[in-house]
Amino acid sequence: VIAGPIHAKLRHLIVDEYQDVNPSQERLISLLIGPATQLCVVGDDDQAIYQWRGSDVSNIVDFAQRYAPVRTFTIVTNRRSRPDIIRTANAFAGTIPNRLVKQMNVYKPALDGIEVVAWKANTEDEEAGYIAFLIDQLHDQGLPYQDVAILVRSRAAYRRLIDQFAAFGIPVQPDGRTGLFDQPEARVFGQTFAWLAEVDWRDAYQPSLTITEKRLVDDYLRVFQLAPIRRVGIRDLLRQWKASVTDANRPVDLIRDFYTVLAELGVRDWDFGEPIQVNRLGTLARFSALLADYESVRRRARPDADVPGEQVGGQDRGIWYYRSLATHIVNYASGAYEGFDGEPDFALDAVDLITVHKSKGLEWPAVFVPSMTAARFPSRYTGQPQPWLVPRTEFNAGRYEGSDGDERRLFYVAMTRAREWLSVSRHERINVRRTGPSPYFNALRQWDVDPDEIEIPTVEPRTADEQPTLTISYSELAQFLDCGMAYRLRSLVGFQPRLAPELGYGKAVHHILRSVAEATKLRNTVPTSGELDRMLDENFFLPVANKPAHRQLKDAARRLVTEYVDQHSDDLFRIWETERPFELRLDGVTVVGRGDVILDREGGVDTALAILDYKTSVSDVATHELQLQVYADAGRREGLDVRAAYVHDLKMGKRSAIDVSAHVVAAAESRVEAASVELRQREFTPKPGAQCARCEVRSVCASAV
């Protein structure tokens, strides 16, 4: 039904990382292709490592047969790795079954020394100790810690490696998280909701436990290290909270109540410069995400089947709201939510400890691949039938359960992350029990060496321009400039905002305006009042608004859109593009954003463009100047003839021109670059003021006024 319009327009379809598409995605690709469409896919079947989420490597292997006639272009020169790493990877790739035949070619010259080593230790602790010792040697030679990675098949190897790094004083940045409810702060809040709803608490593999008020207050005092004098305040707050649970006359606001308790607990007085305290803070933020997830599902509105164009709200009050949440925490969330894994730190010089799956697309000068034992790599679970909620006859379960070929591709990816030097190692004993080598380790016999005899060559570090670029959305940048501490607590630590009925109002109005613009461009006529009403009926949706709130906000949106169409209908015939993405790439930072509308024929010049950004309400035009200057700069760097920019206040019906002259845009660039330096250096300066009153994180911010 939809193929006709798509096939009439679609001329080119490009699919990157094609080796990772699953059957559903491949079916979509095949449906998109029409007789006049050119399909280009890019991929490497040797790097298809996501079978656990349904990808099927046969899609790329058999591509030429399914889409004949096909022209194939090969890019086989490896500019990343040294010759011996490439030759070793090529040899191992030859053992992967059902692959496209190819060989990586060498580009970089050989190192003055051995580029690949394969070695063994007696125990896992000893192996981890050798790795720490070798990293120390690399660092002594001038290689930054951040230029070293340890790639593991699973996180089972993490603990001993981290212990040894601590003993050697090696900073490490582990990827992956512990369970949220392994942290005492999350556990006491989970038990609080069980107590509020009178649901028994249950830890994994433990009998059920009835939470009492006394036990809960005692736990708060212990976990949050509060003086006994605080007992009465905590007890009274919990009693007030419980008394409100059965109130069916007011909507529940879980995030608000959670922040109220955090204020009583004195979280705002914690030392945010202390890593342990920040980790505890992150645990609380992760719990706020759990509450936000629950609220967004339970309170989600739905179209009113009886009144077209209106919606009804979801569940938002009463004992069953709390009881469902408590049951959700005890039976699902306690095992499903992961804990806080730290704030992104662009200035941190630390070894990356990461799973091979997470390493794809990345590279490091020196790479260690440890725990190459038969039980670890390949995984003992590979190819083992798993319990499924869907009958095995209804889907290809074997694809998700994996095969030896999948594990071989994973090891190939691990080896090819190394640029200069590759270490592959194993241990012979787990505690006192012997364990055999991985068959993949045996394929590297030519590089066998005693760990005491390893001589590390001089490894070239990454240059400054190879360091990761800070990528940030404009909205995040604006938040950082408004208040560095609020940005840290929201965007980095992860505290969630409250759900308000008007949530999504601005986006909904923008969507309607985009629909109006596209309809005008398609038909060369402005939609009538009746057509505007139909657009609103079909598309105006607010995720958590009840019927009265939705009706009121929809009427407000109708006024805004109607006034805009009446007063600025000429805009609708100048639409060059809607929702235009922009990327401003500066030294060390990329700012991404999306302009609402791009108008053409600015000033009567055919090639001249103007950026128009809608705001449902504008308190101060100056707060939006930088945004439009960034977008204008990005557009000009793309070669667009951006002559002007405007902020349009829909509520007031007022349009304000933004200065985008060359010297002003240059100043905007400097401001963005200065902010990126502060971000990298973690200078989260609080800026207390009037905005604190509406800040969601004021209850955990010591600077809030």
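How many percent of DSSP beta bridges within the chain run antiparallel, rounded to 5?
40
First compute the accessible area of the chain with a 1.4 Å probe, then give the percent of it belonging to carbon and sulfur atoms.
Details: 17530 of 34170 Å².
Summing carbon and sulfur atoms, their accessible area is 51 percent of the total for the chain.
Would you work out the charge dipole size for the chain about its Cα centre, treating the Cβ of every Lys and Arg as +1 and the Cβ of every Asp and Glu as -1, and quote it to the nearest 20 debye?
Values: 87 positive and 99 negative charges, 376 e Å.
My answer is approximately 1800 debye.
Quick one, can you get me the convex hull of the C-alpha atoms of segment 392-522 expressed as volume per residue in Å³? Walk me through the numbers before you get to the answer.
Values: hull volume 52.4 nm³, N = 131.
Hull volume over Cα atoms, normalised by residue count, gives 400 Å³.
Short version: ³J(HN,Hα) in whole Hz for each residue of segment 645-657, in order, from phi by Karplus 6.51 cos²θ - 1.76 cosθ + 1.60 (θ = phi - 60°), x for Gly and Pro, what are they?
So the Karplus estimates, Gly and Pro as x, are 8, 9, 9, 10, 7, 5, 5, 8, x, 10, 10, 10, 6 Hz.
Distances over 18 Å make up what percent of all Cα-Cα pairs in segment 451-495?
On the way: 553 of 990 pairs.
Summing the P(r) tail past 18 Å for segment 451-495 gives 56 percent.
I want the local charge near Ala93. Using Cβ-Cβ distances under 9 Å, sum +1 for each Lys or Arg and -1 for each Asp or Glu among the other residues.
Neighbourhood net charge equals +3.
Counting pairs of alpha carbon atoms under 8 Å apart in space and at least six apart in sequence, what relative contact order in percent does the chain give?
16
For the chain, what is the accessible area per residue in Å² when the probe is 1.4 Å?
Per residue, the chain has 48 Å² of solvent-accessible surface.
Quick check for you: which residues of segment 404-440 have the amide N under 17 Å from the point 7 Å beyond the Cα of Thr469 toward its beta carbon?
Residues passing the 17 Å test: none.
Rounded to the nearest 500, what is the chain's calculated 222 nm mean residue ellipticity when only DSSP H runs of at least 4 contribute -39500 (n - 2.57) each, over all residues? Let's see the in-between values first.
Details: 24 runs with 269 residues, N = 705.
-11500 deg cm²/dmol, from helical runs alone.
Considering amide H positions built from the backbone, and no H for Pro or chain starts, which residues 5 or more places from Leu470, or on another chain, come under 5 Å of its amide H?
Under 5 Å from the amide H of Leu470: Val589, Thr590.
Compute the signed sum of charges (Lys and Arg +1, Asp and Glu -1) over the other residues within less than 15 Å, Cβ to Cβ, of Gly169.
-4
Using a Förster radius of 41 Å, what is the FRET efficiency between Asp112 and Ala167 based on their Cβ-Cβ separation? Nearest 0.05, please. The partial results should precede the final answer.
Details: r = 32 Å, r/R0 = 0.77.
E between Asp112 and Ala167, to the nearest 0.05, is 0.85.
Amide H to amide H, which residues 5 or more places from Val15 or on other chains are under 5 Å from it, using H placed in the peptide plane?
When sequence neighbours closer than 5 places are left aside, the close amide H contacts are Cys40, Val41, Val42.
Assuming 0.36 nm per residue, please report the length gained on full extension of the stretch Arg53 to Phe573 beyond their Cα-Cα distance. Mind dumping the intermediate values first?
Details: separation 520, 0.36 × 520 = 187.20 nm, distance 4.55 nm.
Extra length from Arg53 to Phe573 when fully extended: 182.7 nm.
On a straight-distance basis, which lysines could pair with Lys651 in a cross-link, Cα separation under 26 angstrom, same-chain partners fewer than 8 positions away excluded?
Reachable lysines: Lys507, Lys521, Lys547, Lys554, Lys615.
How many angstrom lie between the Cα centre of segment 506-544 and the Cα centre of segment 278-351?
A separation of 31 Å, based on Cα centres.
Rounded to whole Hz and in sequence order, give me ³J(HN,Hα) for segment 120-128 from the Karplus expression 6.51 cos²θ - 1.76 cosθ + 1.60, θ = phi - 60°, writing x for Gly and Pro.
Karplus values, whole Hz, x for Gly and Pro: 9, 10, 6, 10, 5, 4, 5, 4, 5.
Quick check of the Kirkwood formula: for segment 482-623, what is the inverse mean of 1/r over all pairs of different Cα atoms, in Å? Walk me through the intermediate numbers first.
Numbers: mean 1/r = 0.0574 Å⁻¹.
Across segment 482-623, the inverse of the average 1/r is 17.4 Å.
Show me, for segment 181-196, the HN-Hα J-couplings you get by feeding each phi into the Karplus relation (A = 6.51, B = -1.76, C = 1.60, θ = phi - 60°), rounded to Hz, glycine and proline as x.
Taking θ as phi minus 60°, the curve returns 7, 6, 8, x, 5, 6, 5, 5, 6, x, 5, 4, 5, 5, 5, 4 Hz for segment 181-196.
What's the FRET efficiency of Gln103 with Val297 using the Cβ-Cβ distance as r and R₀ = 41 Å, to the nearest 0.05? Write down the numbers at each step before the final one.
On the way: r = 51 Å, r/R0 = 1.24.
E between Gln103 and Val297, to the nearest 0.05, is 0.20.
Any number yet on Rg/Rh for segment 611-662, C-alpha, Kirkwood? Walk me through the intermediate numbers first.
Values: Rg = 11.1 Å, Rh = 11.2 Å.
Across segment 611-662, the Cα-based Rg/Rh ratio is 0.99.
Below 8 Å, C-alpha to C-alpha, sequence gap of six or more: please give me the relative contact order for segment 646-705 in percent.
Numbers: 26 pairs, mean separation 11.1, N = 60.
Computed over segment 646-705, the figure is 19 percent.
Show the residues, 5+ positions off or on another chain, whose built amide H is closer than 5 Å to the amide H of Val172.
Counting only residues 5 or more places away or on other chains, the set is Val351.
Treating each Cα of segment 563-695 as an identical point scatterer and ignoring solvent, apply the Debye formula and state log10 I(q)/I(0) at q = 0.10, 0.16, 0.17, 0.18 Å⁻¹.
Per q value, in the given order, log10 I(q)/I(0) is -0.37, -0.88, -0.97, -1.06.
Please sort 484-493, 137-146 by packing, taking for each peptide the average over its residues of neighbouring beta carbons within 10 angstrom, highest first.
Sorting 484-493, 137-146 by mean packing, highest first, produces 484-493, 137-146.
The values are calculated or read from the model by the stated rules, or taken from the named source; none is laboratory data. Just so we're clear, the structure is a prediction, and the values are computed from it rather than from any experiment. Reconstructed Cβ throughout: ideal geometry from the backbone, glycine too, with neighbour counts over all protein chains shown. For accessibility, only protein heavy atoms count, side chains too; no ligands or nucleic acids. Shrake-Rupley method; radii C 1.70, N 1.55, O 1.52, S 1.80 Å.
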